[in-house]
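This report refers to the structure that appears directly beneath it.
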Amino acid sequence: MENARWYRHGGGMEEAWRKPDLSKGWSPFTASTGVPSFYKSTFNVAPTKETGIYPILRVKWTGLTRGMIWVNGHSLGRYPEKIHVDSLYIPEPWLMDGSNDIVVFDAEGASPEHVSLTIDAASREVIRTGEPTDGKTPFVVPQENPPRDLAAKNVGNLAYKAPVNASSSGSNETAPPKATDGDVETAWRAAGKLEPGQSPPWIAIDLGKPVSLGIVEIVWEGSSKTYKYILEGSENGKDWTKIGDETTAVPTSPDSISDLSRLNFKGEPYRHLRVTLFAGRSPSIAELRVFQSAK
């Protein structure tokens, strides 16, 4: 509902940027209605130039409970914010020369009599982006998500992009190479679930030559505490020897990711490694990492 008594009298435009104040000239307000309510008012601002430096204008929601605020039909967002702030920023392009509308929705119908406009100590520079600001320098929009240097993150990891195969996979997006691509945000997932009586799923990597094992890390999609597995080594990829399981994984430091199993070795030489899963949230591994022994 619109509270027709919420309005503003006068206010010089030349003072708007220096003293934006919604409290002056407001009519009296009653106590909170206790029901969701809309309130509407107006405020004046000085004419905006096409470009230039402007102070940051914010709406301070003093006295309100929770809800949303709009200026000239544009949503400023919800209040209160999850971060520790007490006001919402008004983008300069949304402001109009002269009178501007402000609408407040409060979930509990709290009175907006103490709502005010404030000027932040910082400022904002408004520029035109339709053409380069410097004729000799092209205008380039930076990538929203720049590519990550996975090779740099996997220095020393002998399993990085190593040949790999598995008992099965759910789809091309969860194929075995996802476990050796160096990216913990991708994963190999076996087809189906871990069911009693069925052959357990496995994934195996070929390191290309015998390697003196130092550390083998298994990054799981779920909590490492739920998985039961064995790690096997082989020289030819056919004859396998068990070299570790969940009971031989060493405790990780408190700042390590919780879905990591780390197994330490003393230089045992193996070319092929295989992980077979017997229990866990799902038969899936985000990354297999292998590091050579320093000895």
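Here, each number is a calculation from the coordinates, and none is a lab measurement. Everything quoted here is computed from the prediction, not taken from an experiment. Cβ: placed from backbone, ideal geometry, glycine included. Neighbour counts: every protein chain shown.
Evaluating 6.51 cos²θ - 1.76 cosθ + 1.60 at θ = phi - 60° for every residue in segment 102-115, the Karplus couplings come out as 10, 10, 10, 10, 10, 5, 10, x, 5, 5, x, 4, 9, 5 Hz, glycine and proline recorded as x. Charge tally for residue 261 (other residues, Cβ to Cβ under 12 Å; Lys, Arg +1; Asp, Glu -1): -1. Among 272, 74, 84, the order by Cβ neighbours within 10 angstrom, fewest to most, reads 84, 74, 272. Net length available on complete extension from residue 35 to residue 155 is 37.2 nm, with 0.36 nm assigned per residue and the Cα-Cα distance removed. Here 95, 288, 263 are placed in order of increasing Cβ neighbour count within 10 Å, fewest first, which gives 263, 95, 288. Simple spin-label estimate for residue 268 and residue 99 gives 8.3 nm between the two label positions (7 Å along the Cα-to-Cβ direction from each Cα).
For segment 151-292, rounded, prolate or oblate, judged on the Cα gyration tensor with a ≥ b ≥ c (square roots of eigenvalues), a/c < 1.5 rounded, else prolate if a/b > b/c? Kindly include the intermediate steps, with their values, before the conclusion.
Values: a/c = 1.24, a/b = 1.17, b/c = 1.06.
Note, shape of segment 151-292 comes out rounded.
For segment 269-295, the residues whose amide N sits under 13 Å from a probe point set 7 Å from the Cα of residue 242 along the beta carbon direction are 276-278.
Any of 178/209; 82/193; 193/238; 178/266 with alpha carbons more than 30 Å apart? Name them for me.
Working: 178/209 21 Å; 82/193 38 Å; 193/238 26 Å; 178/266 28 Å.
Distance filter (> 30 Å) returns 82/193.
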